[in-house]
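Computed from the coordinates by the stated procedures, all read-outs in this text should not be read as laboratory data. Small disclaimer: the values here were computed from a predicted structure and weren't measured. Cβ: placed from backbone, ideal geometry, glycine included. Neighbour counts: every protein chain shown.
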Amino acid sequence: MPQPETRTDTATTGAPAAIDEPTRRALIEALAQAMFAHADELTALDQAIGDGDHGLNMKRGFEAALADVDGLAAKPLPDGLKAMGMTLVMKVGGASGPLYGTLFMTLGKALPVEPDRANLVAAFGAAIDAVKARGKSDFGQKTMLDVLGPVHEALAEGSDPKAAADNAAEATIPMLATRGRASFLGERSIGHMDPGARSSALMVAAIADVLEQG
Amino acid sequence: MPQPETRTDTATTGAPAAIDEPTRRALIEALAQAMFAHADELTALDQAIGDGDHGLNMKRGFEAALADVDGLAAKPLPDGLKAMGMTLVMKVGGASGPLYGTLFMTLGKALPVEPDRANLVAAFGAAIDAVKARGKSDFGQKTMLDVLGPVHEALAEGSDPKAAADNAAEATIPMLATRGRASFLGERSIGHMDPGARSSALMVAAIADVLEQG
Amino acid sequence: MSNVGIVIVSHSADVARGTADMVRQMVGGEVPLAFCGGDPDGGLGTSVEAILGAIDAAWTDAGVAILVDLGGAETNSEMAIEMLDADRRDRIVICNAPVVEGAVMAATEASGGSSLDAVKQTAEELSQT
Amino acid sequence: MSNVGIVIVSHSADVARGTADMVRQMVGGEVPLAFCGGDPDGGLGTSVEAILGAIDAAWTDAGVAILVDLGGAETNSEMAIEMLDADRRDRIVICNAPVVEGAVMAATEASGGSSLDAVKQTAEELSQT
Ligand SMILES: Nc1ncnc2c1ncn2[C@@H]1O[C@H](COP(=O)(O)OP(=O)(O)O)[C@@H](O)[C@H]1O
Ligand SMILES: Nc1ncnc2c1ncn2[C@@H]1O[C@H](COP(=O)(O)OP(=O)(O)O)[C@@H](O)[C@H]1O
Ligand SMILES: [Mg+2]
Ligand SMILES: [Mg+2]
Ligand SMILES: [Mg+2]
Ligand SMILES: [Mg+2]
């Protein structure tokens, strides 16, 4: 498992390599490919404890992002993130649309054009708060937040965000859902991974893979 | 205005003339014609404080009754009333369907084959109670019950049921609706005649006219 | 024993059909489901005959929960229930719950094998999340 | 000033259309009314773009009350509201009420010229009669 400490970050400034246009394009493509490759899996997870559309929703959102990959990648990082968020808001069609859309839009608002690690940690924290506000939700309710939170911690302490995301997604399995459609199932929501937790983990892995290569 | 005391009732037994097959046919036809002739008026009343379908609903119900007039008139009075009630239940399509249906079906259950006035008063009382139970409603709520009640009183005391019905329908105008769709309007239901009160008055008049001629 | 069945009764055939689509999306084929909407001529209203047909289509020995929208739908559903055999009449309830949200919640509860009482209660406890 | 407008947002286009039919039957043309249902591809879900379009279509200076069904419809409606000009944002509310019954009640209240607050309150007080 790759160690984030060995990444190309310059330890002295705490700044990751600049996220230039080719990297931004690679990030969008990697996110889209991850959603396309796992659409059926996400849908199956959502069938178990929801309405079975999460894979389809994410696929629709990232198809739209991919269709505009030139335009999105050409923008400076903050504007690109905002535009990406807006695309998800407009295209996803499920509760995850405004939630992921808010996540990306807040990152765009909070990040400078060339962020360092501290900027990233702060921006991710702000984005999580915005998702909580949008979803009237918090950690521990068996949602995407239960992956985003541990990823934020990993970023803050410099540990591996991919591993944190995967572990956190697994950890939603025994949770009782109290937000979103899965909450309709009450106790029966226990024993299944939350689909939004899984899509969050997939996105974190896709981003980490691109940045580690970058 | 015709006085019910001058009707063909034999004062000694209190029995109205037997309601024979031609009379039963005349009653069904008169009821249907009254609903057809006043369908637009009933609909207009329902447009003011409801969903504007009462005329259409009653027309549909009595078209079905008229289509089966031979069969209905051929039955003894109690069975004919029950069958008529069932027709309204199945065909009217609005709240008035099960309510008028229950009224006729209960009359059919409560009346003997050759009823006297006392039978009629008792049966009408039972039918009103059944409508109240079906509608979870009572007098004073601006519904058909506010005509049926005064008609029952008129029958019991031997006064003119037609006049009682017309006055009672008029008296629903200042009432506040607390049942049925008109209740959605709150205070704005005041100042309009209840459509079901009007259709009840029309039916009472149609029946009285036939029996007075009979 | 099969899961509790769900019957959707709306004044509008479109509302009834769309609600059934939303229910199917949540519970697939795990719950017997039937719906009806519209008066006997197809206008806005309800039809006792159609309600009886829907009850029959969704019938299971575990019983049937009916979701209705406004007054007439409820009164016609009550009328329909009284026309059933005594045997069935005891295993059918009308939920005091909104038609769309209630149907989704009731069906989700029913898909877990819950009793008719539990299905009714879940629909009726409904407040928007 | 015009009556408060009503916007219906359901996961199902059929539910949205049928609810609008039921509202029209009660209030005719007295209330600005718009509806949307379905995700951007027409499947079950909601679309922020369609919600924004519906808000625009039902807009009046008296404001607009939105009725939604389940979670995503609410979240997407909140998202849509935040994308409006500040000026409009203050005159638009999401009712915590069931979509079908709430829309009929809200529209009936609106047809009497009631304020946005009163319309919202009537929809939210709703219990089945
Ligand atoms: N209120 C909420 N707060 C945070 N996350 C939520 C909330 N509601 C839903 N989610 C997340 O969204 C996921 C479902 O997304 P999706 O299936 O696309 O939308 P929908 O539930 O509208 O069909 C859930 O698995 C959960 O992670
Ligand atoms: N719960 C009730 N109890 C008694 N009468 C009622 C009740 N609900 C409605 N009504 C009567 O029914 C009439 C409306 O009938 P109709 O328009 O045919 O049905 P709907 O209201 O379903 O459209 C009302 O005017 C009222 O007289
Ligand atoms: Mg889903
Ligand atoms: Mg969905
Ligand atoms: Mg009516
Ligand atoms: Mg009606």
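Some observations on this one:
- Residue tally, condition more than 8 Å from ligand 1 (Cβ to nearest atom), touching a residue at least 12 places away in the same chain (Cβ under 8 Å) and part of a loop (DSSP other than H, G, I, E, B), over the range A:128-171: 4
- Residue tally, condition without any contact (Cβ under 8 Å) to a residue 60 or more places away in the chain, farther than 20 Å from A:PHE184 by Cβ and not β-branched (Val, Ile, Thr), over the range D:59-77: 2
- Consider the range A:186-214 and keep the residues that are in contact with a His (Cβ under 9 Å, 6 or more places away or on another chain) and not hydroxyl-bearing (Ser, Thr, Tyr). The one that is farthest from the other protein chains (Cβ to nearest Cβ) is A:LEU202.
- Qualifying residue in the range A:69-80 (condition: at negative phi, within 14 Å of another protein chain (Cβ to nearest Cβ) and of a type in the set (A, V, I, L, M, F, W, C)): no
- Some residue of the range D:1-9 being in contact with a helix residue (DSSP H, G or I) (Cβ under 6 Å, 6 or more places away or on another chain) and within 17 Å of C:ALA16 (Cα to Cα): yes
- Looking across the range D:110-129, the residues that are under 24 Å from D:GLY53 (Cβ atoms) and not hydroxyl-bearing (Ser, Thr, Tyr) come down to D:ALA110, D:LEU116, D:VAL119, D:LYS120, D:ALA123.
- For the range C:40-63, a residue qualifies if it is away from chain B (no Cβ under 14 Å) and in contact with a Leu (Cβ under 8 Å, 6 or more places away or on another chain), and the qualifying residues are C:ILE55, C:ALA58, C:ALA62, C:GLY63.
- The range A:103-127, residues that are touching a Gly at 6+ places or on another chain (Cβ under 8 Å), free of Cβ contacts under 8 Å to residues at least 60 places away in the same chain and in a loop (DSSP other than H, G, I, E, B): none
- Among residues of the range B:38-55 being within 11 Å of chain D (Cβ to nearest Cβ) and in a helix (DSSP H, G or I), the one that is surrounded by the most Cβ atoms within 10 Å (Cβ to Cβ) is B:ASP46.
- Residues of the range C:94-122 that are more than 14 Å from chain D (Cβ to nearest Cβ) and surrounded by fewer than 24 Cβ atoms within 10 Å (Cβ to Cβ): C:SER111, C:GLY112, C:GLY113, C:SER114, C:SER115, C:LEU116, C:ASP117, C:ALA118, C:GLN121, C:THR122.
- Test set (1) more than 16 Å from ligand 5 (Cβ to nearest atom); (2) of a type outside the set (Lys, Arg); (3) within 14 Å of chain B (Cβ to nearest Cβ) - C:GLY37 fails condition number: (1)
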